[in-house]
Amino acid sequence: MVILNNRTHKNVGNMNAMKTIAWFAAVVFFCSIAPSQSFGRTGNAFEAIKLPAGTPNPQNIRQYRLKSNGLDVILCERHATPIVTTMVVYHIGSRNEAVGYTGSTHFLEHMMFKGTQKHDPLKKTGFDDTLKPLGGYNNATTSQDRTNYFEIVPAKSLPVTLEIESDRMQHLLLRPADRASEMTVVRNELERGEDDSREILENNTFASAFKEHPYHHPVIGWRSDVEGVPTERLKQFYKDFYYPNNATLILVGDFKTEPTLALIEKYFASIPRAPKPFPKVYTTEPPQEGERRYTVKRGSESPKLMVAYHSPNALNKDQYALTIIENLLGDESKRSSRLYKRLIDASIASDFNTSNYQMHDPGLFSVTAAAAPNVALEKVEKETIKEIERLKTEAVPIDELNLAKQAIVKRLKLEASDPIGLADQLTEVIASSNLNWWLNFSRNIEQVSQADILRVANKYFKEDNRTVGYYIPKTPAAPEAVSTSQPDTAADSQSETTTDSHLTPSAVPLKTAQKIRPADVSAAIPSTFAARVKKQVLPNGLTVVVLPTPGTGTVAVSGKIQAGTIFRDLEKSQVPEFVADMLTKGSESFSKEEVAKRLEEMGTNLAFGEDDFWVSFDTEVITEDYPSIISLAADCIRKPKFLSVELGKTKKQKHSILNDRISSTSDQSWNAFTRSLYKPSSVYYDKTFEEQINELDKMNVDDLRAYHQAHYIPSNTVLTVVGDINPDDAISTITKQFQDWSGGPRQPIKLSQSDLLSTKPKHLSVPLPDKANVDVVMGRPVPISVQSKDYPATSVGNAAFGYDSFACRLAPVRDQYGLTYAINSYLAGPAEKFAPWAISFSVNPENYGKTVSLVSRLLSEYVKGGITPQELASEKSHLAGVFYVGMRSAKQIAARLCEYEMLGVGAQYMDTYARSINATTLEEVNAAIRKYFQPDQLTVSASGSFKPTDQKK
């Protein structure tokens with residue numbers, strides 16, 4: 001996996017992108033995250049690395065070095081959950097490459113899963129084969145400055161992760177046959193990026209801004225290097241850099257330091273240090289001597305631009321001011337930010353993002369923006385630069401500066417509340433700077449002055465230091481009609497922006513007088529979720545569920561309102577989505593900007609998302625901010641304004657999004673798929689994107705208000721609270737804000753088989769020009785939901801076939817044949833019946849027919865032969881484990897509790913899930929496989945640039 005931005009990466013949380021493994025432990029939150037302050041003994045094997053006097057260390061992070069070989073070790077005990085994150089970071093990234101072998105770091109990352117003598121996938125003893133029965137997740141990522149490999153497992157499995165990581169540090173096989181199959185996998189990943197306009201801009205901006213330094217070339221490498229790099233060159237790269245004295249081992253979670261150090265010594269101490277110095281990167285980028293510009297014409301997505309300035313390395317003290325500037329300029333989610341007001345509120349751009357790349361060597365500071373419909377990129381560029389230039393001439397108001405500081409500090413704390421979030425932060429820190437820099441980061445942010453912002457802005461935001469890139473679509477976004485051929489198996493205006501200024505001042509102050517008590521750490525902790533939660537249904541029908549987790553210092557809140565697509569009027573099908581999106585764009589007590597400022601003060605977010613059945617939100621705050629987030633959420637949910645000016649802006653943003661979806665191979669293949677299976681009356685049916693664009697003008701604020709009044713009612717709502725809070729205080733705070741909310745009974749969800757189209761399976765294709773990739777979905781509707789009797793058996797059967805790309809029946813598509821970067825099968829929406837069971841993958845157009853044929857053959861063999869007893873045992877462990885490891889933090893627990901309460905199965909489902917999976921028999925699984933996975937009943941839908949033989953007219 002490539003991480004282009006060398007800051008903390010967010011896509012680690014994407015479970016579909018990660019390889020999965022499993023475990024049998026129940027997750028119990030009860031211990032404080034703050035371990036003992038005693039450092040104990042380190043023995044003779046380790047040198048304890050002491051921090052400078054006065055360094056703040058609230059996480060009690062400890063740093064050691066293994067004397068025998070120089071391996072750096074960072075340990076952070078976290079006893080809130082019985083889970084450990086193991087992260088090995090190698091100080092090698094694309095900055096260590098040169099022309100001829102660009103992308104080798106990332107290619108080698110892929111090869112690191114291909115096995116050793118001890119862990120060989122060909123012998124079913126590979127890393128995934130070993131980890132799968134244990135539990136958790138494992139994956140790897142590569143950036144410009146580092147490569148990391150990680151596992152999230154139950155604490156008892158920590159020795160296995162250490163053994164695996166020590167084994168592949170020096171004993172990788174690197175077979176030519178593995179290199180050959182993996183090359184096409186890496187190339188497919190590269191091709192996916194070639195179809196992403198934002199990735200195109202980022203790669204080209206770095207290539208234009210850096211002429212001499214190796215940040216010039218993309219992390220994934222140039223295509224010809226990826227295709228041509230020989231196995232021997234990869235072996236040399238491995239021999240040059242994969243040593244313990246070029247690595248850092250990070251452990252975060254439920255372990256004790258002394259016995260863990262003994263384990264590290266056991267597995268790593270015998271590995272020799274590098275026999276010679278590591279090749280140094282001595283190339284530096286000279287000062288830029290004039291603005292650089294480029295244009296890329298490709299695809300058919302909406303026009304976009306990137307404006308970038310050279311910036312200092314992470315250790316430079318100017319980075320603190322640049323971090324604050326990044327916050328001030330903001331992104332499309334920060335509605336009080338400067339560029340949001342200038343670009344989004346003025347309908348100049350449909351979205352934007354500001355990025356301060358904190359890197360080992362001097363990097364970039366950039367703004368990326370997508371033009372709103374009918375707005376020239378020149379206009380977007382002019383307004384973006386104008387806002388940046390303001391920072392050079394006008395001192396930032398002290399209140400705005402203090403708000404940015406507060407948001408940064410709180411956000412860092414909240415991100416670190418998840419063990420993988422903390423491990424991610426530590427990974428990026430040690431790659432670009434050092435632990436001491438990170439521990440002092442918040443304190444140094446607090447010291448930035450108005451004068452610092454002016455000085456830094458004038459130092460870096462110069463025209464001669466600037467690179468500007470344009471992405472311009474080559475062809476209009478207008479795909480041809482869906483065909484039914486089979487693949488070739490042989491082969492609003494600026495003046496409106498102040499309309500909401502009449503809103504009253506905030507009725508609820510951020511710092512409320514209410515004192516919130518933390519969870520009682522001394523109370524006896526029951527062993528089940530059902531016994532530990534406190535549930536109360538208010539007289540108006542609103543359901544509240546609270547689970548205390550003492551000692552964390554944070555509180556997560558999740559909410560679901562039964563107000564999703566299921567209740568839409570097909571003529572105005574996007575009304576439910578617009579209602580959810582506009583909840584935070586102005587309410588009775590808060591203007592849109594005030595909502596955004598409140599969230600910044602808490603260092604959190606509050607975003608409402610709509611799906612087939614529900615409108616949902618998930619947020620997290622420090623405990624003292626709990627009353628404030630509840631009061632804010634209550635006002636947004638109950639009393640949104642739905643201002644016409646905001647509706648107009650939202651329509652323009654949605655128009656741009658739909659334009660990009662017209663050009664998206666994955667969106668088009670899924671859209672055609674659902675329209676071929678369901679009648680328009682079905683919740684699973686999607687209009688074409690052109691039809692969705694055409695209906696935008698039909699919506700008005702009266703439609704939104706009527707829908708809100710009908711469906712946003714207390715009986716349709718569930719709120720869950722998980723964290724360091726007294727349950728009575730949690731419930732009383734919610735009661736205070738919601739007790740006078742009224743409405744009728746919960747509206748039933750009604751689904752019927754009559755909503756399915758009674759047509760034979762089809763082969764559909766949506767041709768899109770200038771695409772390097774074809775996205776494919778194969779599937780059919782199935783009458784399965786969480787409450788179905790055969791749901792556990794179907795889940796096990798699906799997992800064995802293709803839960804992810806590894807250690808399953810679909811694995812040969814990637815591992816053996818190298819046809820795709822990722823392939824998996826899944827139940828698309830098990831909340832209710834008749835959602836699709838589907839298989840999704842992307843391939844090079846040359847491999848489209850071949851891959852569809854291979855997948856069909858693998859499925860036919862699976863249905864005919866059934867699941868084996870060994871697969872059954874493995875997948876039972878797998879599913880039970882993934883379920884529980886997925887609840888590694890309060891935020892994940894809150895979201896699960898909310899979903900299961902809304903479905904009517906409650907917290908007890910979290911206690912009985914593993915039991916129901918383990919009770920499933922071989923006969924039940926095979927019956928489900930034969931019933932639901934028949935290959936001749938699958939519709940195949942694909943979108944991309946096809947070969948002529950695959951796209952018959």
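Table for the structure above
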item	result
Protection proxy ranking of 75-86, 671-682 - average other beta-carbon atoms within 10 Å, highest first	75-86, 671-682
Cα pair distances of the range 60-269 binned at 5 Å [whole percent]	1, 7, 15, 18, 18, 15, 12, 9, 5, 1, 0
Antiparallel bridge percentage (DSSP; both residues within the range 60-269; nearest 5)	80 percent
The range 60-269, dipole about Cα centre (Lys/Arg Cβ +1, Asp/Glu Cβ -1), debye to the nearest 20	600 debye
Charge dipole of the chain about the Cα centre (unit charges at C-beta), most positive-ward option of 913, 853, 436	913
Only Lys, Arg (+1) and Asp, Glu (-1) charged, at Cβ; the chain dipole about Cα centre in debye	1140 debye
Residues with amide H under 5 Å from that of residue 678, placed H, sequence gap 5 or more	757
Distance (nanometres) between label positions extended 7 Å along Cα→Cβ at residue 402 and residue 749	4.6 nm
Under 21 Å from residue 931, Cα to Cα: lysines that are on another chain or at least 8 residues apart	760, 762, 789, 833, 864, 876
Inter-centroid distance (Cα atoms) of the range 582-597 relative to the range 316-352, Å	18 Å
Percent breakdown of C-alpha pair distances by 5 Å bin, ordered from the shortest bin, for the range 758-944	1, 8, 15, 19, 19, 15, 11, 8, 3, 1, 0
Relative packing of peptides 785-797, 222-234, 164-176 - highest average C-beta neighbours within 10 Å first	785-797, 164-176, 222-234
Proximal lysines relative to residue 947, as straight alpha-carbon distance under 16 Å, when same-chain residues fewer than 8 apart are discounted	771, 850
Separation of alpha-carbon centers, the range 632-686 and the range 881-953, rounded to whole Å	24 Å
Ordering of 136-146, 704-714 by packing [mean C-beta count within 10 Å, highest first]	136-146, 704-714
Over the chain - Rg/Rh using Cα atoms and the Kirkwood inverse-distance radius	0.93
Translational D in µm²/s for the range 530-739 (Stokes-Einstein at 25 °C, 0.890 mPa s, Kirkwood Rh from C-alpha pairs)	133 µm²/s
For residue 528, solvent-accessible area (1.4 Å; no DNA, RNA or ligand), Å²	50 Å²
Over 12 Å [Cα-Cα, the range 555-597], rounded percent	68 percent
Mean accessible surface per residue for the range 530-739, computed with a 1.4 Å probe while every protein chain stays in place, in Å²	29 Å²
Antiparallel %, DSSP beta bridges [both residues in the range 530-739], to 5	80 percent
Within the chain, percent of DSSP bridges classed antiparallel, to nearest 5	80 percent
Accessible surface, per residue, of the range 758-944 when the full set of protein chains is kept, probe 1.4 Å, Å²	32 Å²
Exposure ranking of 240, 702 by accessible area [1.4 Å probe, largest first]	702, 240
Reciprocal of mean inverse Cα separation for the range 842-953 (Kirkwood radius, Å)	17.5 Å
Accessible area in square angstrom per residue, the range 60-269, 1.4 angstrom probe	28 Å²
Inter-centroid distance (Cα atoms) of the range 176-200 relative to the range 815-833, Å	18 Å
Anisotropy class of the range 281-362 from Cα gyration tensor, a/c 1.5 cut	oblate
Charge-dipole axis of the range 530-739 as Lys and Arg at +1 and Asp and Glu at -1 on Cβ define it, positive-most pick from 575, 648, 633	575
Carbon/sulfur fraction of accessible area - the chain, other protein chains in place, 1.4 Å, %	51 percent
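The values are calculated or read from the model by the stated rules, or taken from the named source; none is laboratory data. Just so we're clear, the structure is a prediction, and the values are computed from it rather than from any experiment. Every residue, glycine among them, receives a Cβ derived from its backbone with ideal geometry; neighbour counts consider all protein chains shown. These area figures cover heavy atoms from the full protein model, side chains too; ligands, DNA and RNA do not enter into them. Shrake-Rupley method; radii C 1.70, N 1.55, O 1.52, S 1.80 Å.
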